[in-house]
1. Among the residues of the range 117-149, what is the count of those that are of a type in the set (G, A, S) and in a loop (DSSP other than H, G, I, E, B)?
2. Can you name the residue in the range 102-112 that is of a type outside the set (S, T, N, Q), in contact (Cβ under 8 Å) with a residue 12 or more places away in the chain and not in a strand (DSSP E or B) and, of all such residues, is surrounded by the fewest Cβ atoms within 10 Å (Cβ to Cβ)?
3. When residues of the range 143-169 are filtered for being charged (D, E, K, R), more than 17 Å from Q73 (Cβ to Cβ) and modelled with pLDDT of 90 or more, how many remain?
4. Collect the residues in the range 69-81 that are touching a Gly at 6+ places or on another chain (Cβ under 9 Å) and under 20 Å from N120 (Cβ atoms), keeping them in residue-number order.
5. From the list Y115, Y155, Y149, which residue is surrounded by fewer than 14 Cβ atoms within 10 Å (Cβ to Cβ) and of a type in the set (S, T, Y)?
6. Within the range 123-137, how many residues are under 24 Å from T91 (Cβ atoms) and open to solvent by 60 Å² or more (accessible area, probe 1.4 Å)?
Amino acid sequence: MQYFPHRLHLIGNYANFVTHFDFATKIRQIIHNMTQIAENPGNTQRTPAVSILVPCYNVEKYLPQCLDSIINQTLEDIEIICLNDGSKDRTLDIIRDYAERDGRIVVVDKPNSGYGATMNKGLDVARGKYIGIVESDDFIEPDMFKRLYETAEEYNLDLARCLNTEYNEL
């Protein structure tokens, strides 16, 4: 069997995420998928540097600022996976509008099933070398993913994490 590096690297804010799904099962699935890709040299799908998962549920108020901060990242080699978890407001419309304007955005619309199941769906779709998570009511600095990616690559890290700053609404 040919060795290849697995892609289960988490970067960004992942607190409380690992407790919501069966980690061992997900690792086996990802390794299986990567084996399939490695054994199929005709596969022309590009692997982005980072797949950014954005779980969304009724966040129409915050979502534009969140997505603007992601699409304006200085690291452009990203895929943005917006996971609509059965929102009842305009969240899905906003996601679709952004996806029409930016080809890096992947829209996943599914019935409400909770955070863990939503993130599992995002991991199933993700193709990036690294996985990042941005909560849909947050926004990020323009160079966040570039700095995390470059640090992870330079030091051969499996995980890179950054701190956050809290802002209060006025």
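1. Selection size over the range 117-149: 3.
2. P111
3. Counting residues in the range 143-169 that are charged (D, E, K, R), more than 17 Å from Q73 (Cβ to Cβ) and modelled with pLDDT of 90 or more gives 1.
4. Result: E79, I81.
5. When all the criteria are applied, what remains is Y155.
6. Qualifying residue count for the region: 3.
The values are calculated or read from the model by the stated rules, or taken from the named source; none is laboratory data. Predicted, not measured: the structure shown is a model, and the values here were computed from it. Cβ sites come from the backbone with ideal geometry, for glycine too, and all protein chains shown count toward neighbours. All accessible areas refer to the heavy atoms of the entire protein, side chains included, with ligands and DNA or RNA removed. Shrake-Rupley method; radii C 1.70, N 1.55, O 1.52, S 1.80 Å.
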